[in-house]
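Some notes on the structure that comes next.
Throughout, read-outs are computed from the coordinates displayed, never taken from laboratory work. Computed from a predicted structure; not experimentally measured. In this analysis, Cβ positions are derived from the backbone assuming ideal geometry, glycine residues included, and neighbour counts consider all displayed protein chains.
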Amino acid sequence: MLTGRHIVRDASCINCKAKLGWFYEFANDENQRYKEGRIILERALITENEGFSEK
């Protein structure tokens with residue numbers, strides 16, 4: 001999917017460190033700037049869990 005040039009980084013779970021999608025840091029094109037600061041979650045990477053044990 002190409003919608004312009006962007007700087008992105010991975011978005012991951014704080015607890016288990018699993019990759020969940022990506023975060024838009026910066027968009028080069030003015031008409032794509034609305035994406036900045038937004039997170040895209042990939043449905044294929046999301047799993048249901050019973051929860052996390054207390055440490």
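Scanning the chain for residues that are in contact with a Leu (Cβ under 9 Å, 6 or more places away or on another chain) and charged (D, E, K, R) returns D10, K19, E42.
Do the conditions hold for A11, that is, is it small (G, A, S), more than 11 Å from the chain's Cα centre (by Cα), surrounded by 11 or more Cβ atoms within 10 Å (Cβ to Cβ) and on the phi < 0 side of the Ramachandran plot? Let's see the steps before the verdict.
Numbers: small (G, A, S): yes; more than 11 Å from the chain's Cα centre (by Cα): no; surrounded by 11 or more Cβ atoms within 10 Å (Cβ to Cβ): yes; on the phi < 0 side of the Ramachandran plot: yes.
It is false that A11 is small (G, A, S), more than 11 Å from the chain's Cα centre (by Cα), surrounded by 11 or more Cβ atoms within 10 Å (Cβ to Cβ) and on the phi < 0 side of the Ramachandran plot.
In segment 17-38, the residue that is farthest from I7 (Cα to Cα) out of those that are surrounded by 13 or more Cβ atoms within 10 Å (Cβ to Cβ) and of a type in the set (A, V, I, L, M) is L20.
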